[in-house]
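A.B. asks: Input: one structure, supplied below.
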Amino acid sequence: MSDSTIRWEQDADGVVVLTLDDPSSSANTMNDAYVRSMGETLDRLEAEKESVRGVVVTSAKRTFFAGGNLGSLIQATPDTTDAVLAQVTLVKAQLRRLETLGIPVAAAVNGAALGGGLEIALACHHRVALDDPKVKIGLPEVTLGLLPGGGGVVRTVRLLGLTTALLELLLQGQQLRPSKALELGLVHELAADRDELVAKARAWVLANPDAAQPWDTKGYKVPGGTPSSPSLASTLPAFPANLTKQLKGAPYPAPYAILSAAVESLQVDVDTAFTVEGRYFVDLVTGQVSTNMIQALWFDLNAINGGASRPSGPERYTAAKVGVLGAGMMGAGIAHAFAKVGVDVVLKDVSTEAAEKGKAHVAGLVGKQVARGRMTQEKADAFLARITPTGDAADLAGCDVVVEAVFEDQALKHRVLSEAEANAGVGGGGPALLASNTSTLPITGLAEGVQRPADVVGMHFFSPVDKMPLVELIVGERTSDEALARAYDVVRQIGKTPIVVSDSRGFFTSRVFGTLVLEGAALLAEGLAPMSVERAALQAGFPAGPLTLLDEVTLTLPLKINEEAAKAGATQEHPGIAVLRALVEQGRTGKSAGKGFFDWQPEKRVWPGLAELFPASDAVPFRDAQERLLFVMAVETARCVEEKVLSSVEDANIGSIMGIGFPPLYGGVLQYVDQYPGGVAGFVARADELADAYGERFRPPAILLERAVPAGSLRAAVAG
Ligand code: NAI
């Protein structure tokens, strides 16, 4: 078995330990070599069956098994259906052989077993998992637009019952800690260390010579019953409706396919069930949505986190002490993010008292973790002890990084940055990185307030900081490569994803977010009912409707940005602006005022006055409304690429999904263009139609026209 990805070692008791260890990669995946090796291993087990008393499956990698090979899955298209079906059928048939060999098989799960990894473990009769928080167990396929096609649906539904399997594992792709997997019955035993892990698995196979899977055991009843049992039959009709509600109408095919495969698989014998599951899998994997999601959430995200946009020269940097200026909503969140990873934080506001308010906010977040049992009181105390609230800039001495999050005012920011520059360097490891969390002020202008403009960078966090995974780094005209690399490393240090953009009005995320919410307002002015505006967005896959978003950011913010743009010479005013003005004139500024497009008290409800201000009409078809929201963002992003605000497709896609809610099912705002029916040419033709009907803001810019040829893609354009 040369180049095998599975090592065979048999001990004196006759137990064969199969160690998954792909020599070509740092992780095991279901590549061709795995399929070949598994086939050879099964042949040998069958041939030597008489001398094998049991099998233990484990891994030599940090993770148990990483799962499907995304590099090949992303290439599946409707033209390759037959080959894909053949491959997934073979993988399943092999695992079926493993569980029906007549030899007891136990999995010793030494690291993460997600997707294909858990599917291999599920084909074992017994599962022991290492009790380590790094070990995650689950079937996250749905998060990439897929379903577990290696028997994961069929086996978990039979093992746990339909409802539990769907809700705890399949529909949201939860990644469980070992203790939770044990509680669910997904694994049978936990082990404290690697030796105990394999020892427990060995002991189990030796003690259970007649092991068989529950579904192959006569008289086995699936927990909760099958769709033909009355209790399940009566609740089943509500499942699809609940799913639609949970997805807010977004057209994700995978959850529906999982639901169908799960229900259907329980109505047939196990081998037919595998066939059913395989067909749904092939539908998904050859479809566009899984391609989009794998591209963005796997390849694009990995490229970014792997440093694609980081200058390669400077050495890797780790911050030890950080100053945060302004202890308001954002400053407190930023202090929390640093303290969380063990960095000391000096939290400065106008007075110690004001800074303490920010620290109290952090204490609130940490307290919730303790209450939920996710953090010990001791750790929480140490966490909070890292944050020193102060009103005195001299306390910034020794900080390697300063992030300012004071009010959005250029003169104030100049003052606090220059004060920080003077104090932070004292006694520390050299001049500090000076980062600004501004959401709108140009970084080049902010850098004019300090002695060392090369050290100034934009570090734009999103609210709420503890939940939002993205940070937009903004490179000013004078920002050095060292400063950008430092900023990138610091963002990675706190576990967030940095995208890199250049300095321009609204940078990338705020600028494109602005087009989305203003388009929502324009749709309202053109006669679309408020709830239809919201539904158009939700059913296109946005997490929230534009009018809700406007109320949340407050209506005065886009108005202020519009004013600034006009001062800077912008001549075209977006039609949504007039809508905001009309509301603000009536004191309806948004959620913080309790009233905007919605009345927020006592509960959220559309303000009835909207119907008078903007009489209903059916001038805009619903599909146009949906596409206007998506297109306006895509066209504006293409302009950002053309103006070199953005220089990477990955940054655009991930920034749009993780920062401003662009629907992940399209793979991000530029992937939306490439995947549009007809490719870039199809997108351009439709954008022209929208521009003719609704305004020049939809007119595709030159960078799109250049690529509107059969083989063109925006990804290639930017990469080239
Ligand atoms: P905030 O009003 O909650 O907090 C600002 C804090 O700065 C206040 O605590 C204030 O006392 C303090 N401050 C004022 N002058 C100061 C000085 N001289 N020294 C130290 N602290 C001083 O504002 P928020 O929402 O936290 O925003 C802060 C910055 O973050 C702004 O630039 C804003 O544009 C930006 N931002 C805000 C986002 C949001 O969603 N709110 C998102 C991303 C960026």
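The values are calculated or read from the model by the stated rules, or taken from the named source; none is laboratory data. All figures in this text were calculated on a predicted structure; none of them were measured in a lab. Cβ placement follows ideal geometry from the backbone for every residue including glycine, while neighbour counts extend to all protein chains displayed. Remember, those area values only see protein heavy atoms, side chains included, never the ligands or the DNA or RNA. Shrake-Rupley method; radii C 1.70, N 1.55, O 1.52, S 1.80 Å.
A.B. asks: Taking Cα centroids, how far is segment 613-673 from segment 519-536 in Å?
C.D. replies: Cα centroid to Cα centroid, the span is 16 Å.
A.B. asks: Using only Cα atoms, tell me the angle between helix 509-525 and the longest principal axis of the chain; keep it within 0 to 90° and round to the nearest 10.
C.D. replies: Compared with the principal axis, the helix lies near 80 degrees.
A.B. asks: Now, a different point. Which percentage, to the nearest 5, of the DSSP beta bridges contained in the chain is antiparallel?
C.D. replies: If I count the DSSP bridges inside the chain, around 25 percent turn out antiparallel.
A.B. asks: Now a separate question. Can you tell me which of 222-235, 680-693 comes out highest on packing, and rank the rest after it, using the mean Cβ neighbours within 10 Å?
C.D. replies: Most protected by this proxy first, the peptides run 680-693, 222-235.
A.B. asks: Distance between Cα centroids, segment 117-137 to segment 302-344: provide it in whole Å.
C.D. replies: Taking the Cα centre of each part, segment 117-137 and segment 302-344 sit 34 Å apart.
A.B. asks: For a protection proxy built on the mean count of beta-carbon atoms within 10 angstrom, sort 71-77, 60-66 highest first, please.
C.D. replies: 60-66, 71-77
A.B. asks: Then there is this: Multiply the residue gap between THR556 and THR244 by 0.36 nm, knock off their C-alpha separation, and tell me the result in nm, one decimal place.
C.D. replies: 108.9 nm
A.B. asks: Same structure, new question: Solvent-accessible area per residue for segment 321-503 at a 1.4 Å probe radius, Å²?
C.D. replies: 40
A.B. asks: Need one value: the accessible area of TYR280 in square angstrom, 1.4 angstrom probe, rounded to the nearest 10.
C.D. replies: Per-residue accessible area (TYR280): approximately 60 Å².
A.B. asks: Putting +1 on Lys and Arg Cβ atoms and -1 on Asp and Glu Cβ atoms, find which of LEU417, TRP600, THR19 reaches farthest to the positive end of the dipole of the chain.
C.D. replies: So the residue we want is TRP600.
A.B. asks: Rolling a 1.4 Å sphere over the protein heavy atoms, what is the accessible area per residue of segment 248-308, to the nearest Å²?
C.D. replies: So segment 248-308 comes to 37 Å² accessible per residue, rounded to a whole number.
A.B. asks: Something else now. Counting each DSSP H run of 4 or more residues in the chain as -39500 (n - 2.57), what helix-only mean residue ellipticity at 222 nm follows after dividing by all residues, to the nearest 500 deg cm²/dmol?
C.D. replies: My calculation for the chain gives -14000 deg cm²/dmol from helical runs alone.
A.B. asks: Just want to confirm a number: the relative contact order over segment 321-503, from Cα pairs under 8 angstrom separated by 6+ residues, in percent.
C.D. replies: Relative CO of segment 321-503 lands at 20 percent.
A.B. asks: Treating only the Cβ atoms of Lys and Arg (+1) and Asp and Glu (-1) as charged, compute the dipole magnitude of segment 321-503 about its Cα centre; round to the nearest 20 debye.
C.D. replies: Charge dipole of segment 321-503: 780 debye, to the nearest 20.
A.B. asks: Given +1 on the Cβ of Lys and Arg, -1 on the Cβ of Asp and Glu, and no further charges, what dipole in debye does the chain carry about its Cα centre, rounded to the nearest 20?
C.D. replies: My answer is approximately 1080 debye.
A.B. asks: What is the packing order of peptides 592-603, 321-332, 492-503, 200-211, taking the mean over residues of other C-beta atoms within 10 Å and listing the highest first?
C.D. replies: Sorting 592-603, 321-332, 492-503, 200-211 by mean packing, highest first, produces 321-332, 492-503, 200-211, 592-603.
A.B. asks: Quick one: angle between helix 575-585 and the longest Cα principal axis of the chain, in degrees between 0 and 90, rounded to 10, please.
C.D. replies: In the chain, helix 575-585 runs at an angle near 70 degrees to the longest axis.
A.B. asks: Test of understanding: express the Cα radius of gyration of the chain as a ratio to 2.2 N^0.38 Å, with N the residue count.
C.D. replies: 1.05
A.B. asks: Under a crude label model (7 Å from the Cα following the beta-carbon direction), how far is ASP79 from ALA685 in nanometres?
C.D. replies: In this crude label model, ASP79 to ALA685 measures out at 1.9 nm.
A.B. asks: Check which residues have an amide H placed less than 5 Å from GLY596's amide H, if you skip close sequence neighbours.
C.D. replies: The answer is GLY590.
A.B. asks: Among the listed pairs LYS134/LYS348; LYS134/LYS467; LYS321/LYS595; LYS200/LYS340, give every one whose C-alpha distance is greater than 30 Å.
C.D. replies: Those over the limit are LYS134/LYS348; LYS321/LYS595; LYS200/LYS340.
A.B. asks: So, one more: Once the dipole of the chain is set up with Lys and Arg at +1 and Asp and Glu at -1 on Cβ about the Cα centre, which of LEU473, PRO223, PHE462 lies farthest towards its positive end?
C.D. replies: The residue sitting most towards the positive pole is PRO223.
A.B. asks: Distance in nm between label sites at TRP298 and SER234, each 7 Å beyond Cα in the beta-carbon direction?
C.D. replies: Taking the simple label geometry, TRP298 and SER234 are separated by 4.3 nm.
A.B. asks: Accessible area of the chain with a 1.4 Å probe: how many percent of it is carbon plus sulfur?
C.D. replies: Its accessible area is 53 percent carbon and sulfur atoms.
A.B. asks: Calculate how many DSSP beta bridges within segment 321-503 are antiparallel, expressed in % of all such bridges and rounded to the nearest 5.
C.D. replies: Of the beta bridges lying entirely in segment 321-503, close to 15 percent run antiparallel.
A.B. asks: Okay, moving on. Can you grab the distance from the C-alpha centre of segment 364-394 to the C-alpha centre of segment 474-493, Å, no decimals?
C.D. replies: 28
A.B. asks: Using Cα positions and a limit of under 19 Å, work out the aspartates and glutamates in reach of LYS413, with same-chain residues fewer than 8 apart set aside.
C.D. replies: Those aspartates and glutamates meeting the cut-off are ASP349, ASP392, ASP395, ASP400, GLU404, GLU421, GLU448, ASP455, GLU472, GLU477, ASP503, GLU564.
A.B. asks: Still on this structure, I have one more. Compute the helix-to-body angle for 270-285: its Cα long axis versus the longest principal axis of the chain, expressed 0 to 90° and rounded to tens.
C.D. replies: Once rounded, one gets 30 degrees.
A.B. asks: Want the number for ALA570 to LEU90: 0.36 nm per residue separation, take away the alpha-carbon distance, what's left?
C.D. replies: Here the segment from ALA570 to LEU90 would lengthen by 166.7 nm.
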